[in-house]
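Each remark here refers to the structure printed beneath this line.
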């Protein structure tokens, strides 16, 4: 019989959400700073807590954070939610996502009111979810740096 109860059957404790500190940086700003075109004091950065969502493919940002980072909405994409409903939502310019000392750059989806870290960021950063301890960890096979599979 399949146990559909969302509790961890090993110790009968509920599986909790994995939340991590995340630093988000406007990648266009950073490129301009590195070229000497933008004053480093103008670099837009936002630090917050994010929910790691292994069911999400892409990273998701709320519109309020997109606005604070000064990101342009480059287009629209159809997103499918866990309940099966679909909606056209915005896709941003590139954002630098920094988690536990590793960083990647990707366009993000815009919806909701919390930051969700999806599979693309986890894969490119070579990070794994330790559900038992409710934390994000580097891949034990590559603890000191991310390795990309090609």
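Read-outs: derived from the displayed coordinates by stated rules, not from any lab. Because the structure is a prediction, the values reported are computed rather than measured. Cβ placement follows ideal geometry from the backbone for every residue including glycine, while neighbour counts extend to all protein chains displayed.
Here residue 68 clears all of (1) over 23 Å from residue 148 (Cα atoms); (2) within 13 Å of the chain's Cα centre (by Cα); (3) surrounded by 15 or more Cβ atoms within 10 Å (Cβ to Cβ) except the condition numbered (2). Within region 134-144, the residues that satisfy the criterion of being free of Cβ contacts under 8 Å to residues at least 40 places away in the same chain, in contact with a strand residue (DSSP E or B) (Cβ under 9 Å, 6 or more places away or on another chain) and assigned to a loop (DSSP other than H, G, I, E, B) are 139, 140, 143, 144.
Taken over region 24-45, the criterion of being more than 12 Å from the chain's Cα centre (by Cα) and either within 22 Å of residue 135 (Cβ to Cβ) or in a loop (DSSP other than H, G, I, E, B) (or both) is satisfied by 35, 36, 37, 38, 39, 43, 44. Filtering region 32-53 to residues that are loosely packed, with under 13 Cβ neighbours inside 10 Å and either farther than 22 Å from residue 100 by Cβ or touching a residue at least 60 places away in the same chain (Cβ under 8 Å) (or both) leaves 34, 35, 36, 37, 39, 40, 41, 42, 49.
Looking across 94, 146, one residue alone is more than 24 Å from residue 42 (Cβ to Cβ) and in contact with a helix residue (DSSP H, G or I) (Cβ under 8 Å, 6 or more places away or on another chain). It is 146.
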